[in-house]
Each structure stands twice: as structure tokens, then as C-alpha cells.
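Notes to accompany the following structure.
The values are calculated or read from the model by the stated rules, or taken from the named source; none is laboratory data. Quantities reported herein were computed from a predicted structural model and do not represent experimental measurements. Every residue, glycine among them, receives a Cβ derived from its backbone with ideal geometry; neighbour counts consider all protein chains shown.
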There are 2 protein chains.
Amino acid sequence: MTTRWLTPDEQRAWRAYVAASSLLEDALDRQLQQEAGLPHLYYSVLAALSDVPERRLRMTDLAEYLKITRSRLTYAVTRLEKDGVVRREDCQWDKRGSVAVLTEEGMALLERTAPGHVETVRKAVFDHLSPEQIGQFEEICSAIATAIQGGDPQATPTGSRPGSGSGSGSGSGADDLPWRRRACSSGQSGQ
Amino acid sequence: MTTRWLTPDEQRAWRAYVAASSLLEDALDRQLQQEAGLPHLYYSVLAALSDVPERRLRMTDLAEYLKITRSRLTYAVTRLEKDGVVRREDCQWDKRGSVAVLTEEGMALLERTAPGHVETVRKAVFDHLSPEQIGQFEEICSAIATAIQGGDPQATPTGSRPGSGSGSGSGSGADDLPWRRRACSSGQSGQ
DNA sequence: TGATGTTGGTTCAAGTTTTAAACAATAACT
DNA sequence: AGTTATTGTTTAAAACTTGAACCAACATCA
């Protein structure tokens, strides 16, 4: 079968995307490195934890949430632990498990640096998009993410399908939290 | 000044983007690594060269084109040269300069692997977007790229200059390079 | 119960990639 | 000429990623 090359429109879009994503990632890394002393991924780990009920998540769940390998996450958490912004706890229900917990310092770091981060994101992205475009952007990105994850078009994992941001509720909620099972909470759930 | 936090819509869009770009980059890297033996960035170097008049570009121009540092590019080209897909030539007009040239083998590699790459891009992106969305996508990404590049040369969110050692001289010089066209062509082959 | 297989998470070794600073050569400007 | 700026590489250190190997803890089932 002959290759379905990209149309000129698609080519333009693709180039724009590649350039933008590269520039964006660089900008985010630079900004966060400078202000928080962490690269973007590591910041994302903290952000993920802060977004979750008790600010704790089992390693595997966290890895899945961030779409990275467990090995990679282990490395990251080890460093974050050294920095004192994350702590590991044993899972009480599953003695194999360990739970990454955002420390107070971690929360403080997040609170201290979030404004700068948000500002960067704003200046790089949202300040230049109309409300309409923001919606379009979300749809497009969701479609891409879904396409890549659903290796099999049939088995769309937990929720969201292309068409509408179905899975993701509206209010500031965590995305589709892979709350697979065990939360391994220490005490009671709280907010 | 109070932080302008992201609205729920923006948050959703941002999360979708972060997830998508991470997944996409992974997918591209994996696919290209497997099929071409190169990570995405390296492939992009070849692609960039193939897209340019004589398939040759000065290092600095290439770096700028790809939005990466010269040091990084040096590393990349060194490897690509080892692989035989790129060759360095001296610039005739500027004895400091060196020019990266796509070799025949490089072109062959590109031609051999482009279909697979395009297919991946299609399956991950364009097969799931309407023509309208493709246009939107391009506009959005272009806006982002423009914002970051042309971005306020001094718009470092939370204070930029207060010492802080690793200045890296953001904003100075290197960013706003005008379009200096140094093709450093070998002289033959029109255009 | 014990055998078997699976999962969670880390460790290990190796490699890749990045970074920042220093550098030599050349160009450009005054 | 003398000074400054660029080009591109080098260098050393660090950061990060990978994949396999690994162990302990679970689960399953006979």
C-alpha cells in the first residue's frame, strides 16, 4: 500500500506542533529548573500528588497517572525524597507496596512555585488563545492522547472517548484518576 | 499581584496537552528508534536537512531551525556522522563554520523510514482530527510557538535578574537572531 | 498447605543525553 | 592594529533513561 503522505495542511500543522512542543517543554523546564530547582516531570510528580485525595499515591498508580515506567518513577521519587518534598511510606494493606506522599515541604514548594509556573503557561499558551481555541485545543489533545493509549481502538481504557471531554468532569477535578484500587490511606479520607 | 490561575477549561486543556505531548513524544521515539535506529530529535535533524535547498545547513542555522543549543546539535551531528547519514563540510566563506550535509545514505534512510514515521503520526494524530481541527491545531500551535519565541524577551515570570548564578543570559542576544541566511553552498546546483 | 505464578517496587549496570563552562579559531568593528 | 563577538567544539560533570534481574509479598489453586 502506498504511503498516505501528509497533506500540505497536515504538514504545516505537524511542523507547528513539533516546534511548539519542543519550545514549550524547554521553556517549562528552564523556568521550573530555575525557580523550583526541578525539571518539568518532577514538578508534575508533585502536582499529581497534590491533586489527589490524601496527597498520596502508590507508585504504580502514580506511574500510570504520569504515563511513565515504574523504574523511571522510582528514580524520580528517590530524588524528590532526597529533596525532602516527597516521602515514602509503606502500604499497610499490601506489604509489597510503597506509597509516595507529598510532604509539607513539598506542598510548600508547590505553593511557592505554582504561580510562576502558571504564569509561564499563561504567557506561552493561554494568553494567546481565544476561549474557543482553548476548547478546541483540549479536544484535539484529548483525541491524540486517546488514540495513542488505546492501542486497540476497541478497548478504550476507563472513560474518555474522543468526541467530548466526557471523562473529565468540569470543576478543577483530577482527570481520570487511575484510582485502580488501593489508596493505601493512612487514616481517613479528607479534603 | 494576584496569580491568574487557570480556569477549569484551561486546566483541562493543559492536562490534555501535557498528557498528549508526553505520550506522543514517547510513541515517536519508540517507533523511530525501532525502525530507523534514531530518536525523534535525530530524525528531525535529517528531516530538516532534507527540506532545505542543497540539503546542507550551517550548524548554527540548523540549531536555530531545530530550536536547540549548538552544543546539543554538535553532539547529535557527531553521532549522525558516525552513522554515516550526515557529513560535515567546511564553510567556504567563513572558515570558522562547518556545514552539516545530508549524505546519500542519510537521504536513503529518510526515504526508507519516512513512511513508517508518517504512518505513526497519522495513526496518532491526523486520523482522529477533522480537516477543521487540523486547521485549528495549526493555528494554536503556531500561536504558541510565536508566543514563546517572540515572547517578551524579559518576561521571566517571577523576577529574572536577581543574580541567581546560572544566568544563562536569557533574553540577551541569541534569541532574536535575524534571518541570516548562510547557506554556505558548495556552489553548484542551482537555486 | 504448599507449589506456582503474578505483581509491586527497587536495584543494577550500562548507556544516552544534557548542561555549562572553557576554548581556539576566525570574523567583524572601530 | 586591537578589541570584541561568533562559530563550533571540547570537556567534565551531572542528569536521566532503559531493561533486565531481582526479591518480597500477594494470589491462586489443587
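Structure values in brief
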{"quantity": "Unique residue being in contact (Cβ under 8 Å) with a residue 60 or more places away in the chain, on the phi < 0 side of the Ramachandran plot and over 14 Å from the mean Cα position of the chain (by Cα) when the list is B:V85, B:V118, B:V101, B:V125", "calculated": "B:V125"}
{"quantity": "Residue check, B:L110 crowded, with 18+ Cβ neighbours inside 10 Å and more than 16 Å from DNA strand C (Cβ to nearest atom)", "calculated": "yes"}
{"quantity": "Unmet requirement for B:Q92, which otherwise passes all of (1) near DNA strand C (Cβ under 10 Å from one of its atoms); (2) part of a helix (DSSP H, G or I); (3) not charged (D, E, K, R)", "calculated": "(2)"}
{"quantity": "Search result, residues across the stretch B:88-126 that are out of contact with any Gly (no Cβ under 8 Å at 6 or more places or on another chain), of a type outside the set (S, T, N, Q) and within 16 Å of DNA strand D (Cβ to nearest atom)", "calculated": "B:R88, B:E89, B:W93, B:D94, B:K95, B:R96, B:G97, B:V99, B:A100, B:V101, B:L102"}
{"quantity": "Filter result for B:E10 (modelled with pLDDT of 95 or more, under 30 Å from A:Y65 (Cβ atoms) and of a type outside the set (G, A, S))", "calculated": "yes"}
{"quantity": "The lone exception for B:S130 - which of (1) within 16 Å of DNA strand C (Cβ to nearest atom); (2) within 14 Å of another protein chain (Cβ to nearest Cβ) it fails", "calculated": "(1)"}
{"quantity": "First in the stretch A:55-70 and within 13 Å of chain B (Cβ to nearest Cβ) and over 16 Å from A:H40 (Cβ atoms), second anywhere and β-branched (V, I, T) and within 10 Å of DNA strand D (Cβ to nearest atom), Cβ under 7 Å, 6 or more apart", "calculated": "A:A63/A:T69"}
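Residue-wise test of (1) more than 9 Å from DNA strand D (Cβ to nearest atom); (2) modelled with pLDDT of 95 or more; (3) surrounded by fewer than 19 Cβ atoms within 10 Å (Cβ to Cβ).
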site: B:R55; (1), (2), (3): yes, yes, no
site: B:L73; (1), (2), (3): no, yes, no
site: B:K82; (1), (2), (3): yes, no, yes
site: B:V86; (1), (2), (3): yes, yes, no
